[in-house]
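Inspection log for the structure reproduced underneath, given as C-alpha cells.
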Amino acid sequence: MDTSEFVGLLAAAGEKDVRFLLPDGGFIPAHAHITEVGRVDREFLDCGGELRKTSFCCLQAWVADDEDHRLPAAKLASIIRRALEPLRVSGLPVEIEYEDGYVSQFPVVSLETGDVVLVRLGTKHTDCLAKEVCLPPAAAGDGCCAPGSGCC
C-alpha cells in the first residue's frame, strides 16, 4: 500500500486506535509508538550486472514502558503527512519496521477499519532479479552461475 492511500484511510478513521497485525498472526503491542518516518533508498547491482533502485516509506514502531499509550489513526496520518514533502515519500510503498528479538521490515498489505484500525503486514522475500541471465537451462550447464563465471 502506498503512502497516499495509507494516509487517506488513516485520516478517515479518525480517533480509532491503530493495531499492527504481523504476518504470523501476532500483534505489535497496542502501546507501540511510531518513532520515525523515513525514506529508504536502495541502489544495488543484481547478479546479472544491472543497476537497480528501490524506495519505500518506513515507519519505525517502538515499544516503550508506557503501556497506556495508544496511537489514534488521525494522529498517525498527521505524523506521516509532515514527512510527505521533505522526505518525498508520497506515493511510495509503506513498510513497518519493528524489533522483536531482531529488526524486521514488513510491507503494509491492507488496512481495515472496524472497532480499531487493523493494519495487516506482509512479508518480504529475497529473489534473483536476473533469472534470464543467472539461471541457465539445466541441460546447458553454462551461464553466469556456472563454475568460474564470477557470478553468484
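Look at (1) out of contact with any helix residue (DSSP H, G or I) (no Cβ under 7 Å at 6 or more places or on another chain); (2) outside any helix (DSSP H, G or I); (3) hydrophobic (A, V, I, L, M, F, W, C); (4) surrounded by 13 or more Cβ atoms within 10 Å (Cβ to Cβ) and you find that Cys57 fails only one, number (1). I'd like to check something: does segment 33-47 contain any residue that is part of a loop (DSSP other than H, G, I, E, B), modelled with pLDDT under 95 and within 26 Å of Asp127 (Cβ to Cβ)? Looking for residues that are part of a loop (DSSP other than H, G, I, E, B), modelled with pLDDT under 95 and within 26 Å of Asp127 (Cβ to Cβ), one finds at least one in segment 33-47, hence yes.
The values are calculated or read from the model by the stated rules, or taken from the named source; none is laboratory data. Here the structure is a predicted model, which means the values were calculated and not measured. With ideal geometry, Cβ positions are generated from the backbone for all residues, glycine too; neighbour counts draw on all protein chains shown.
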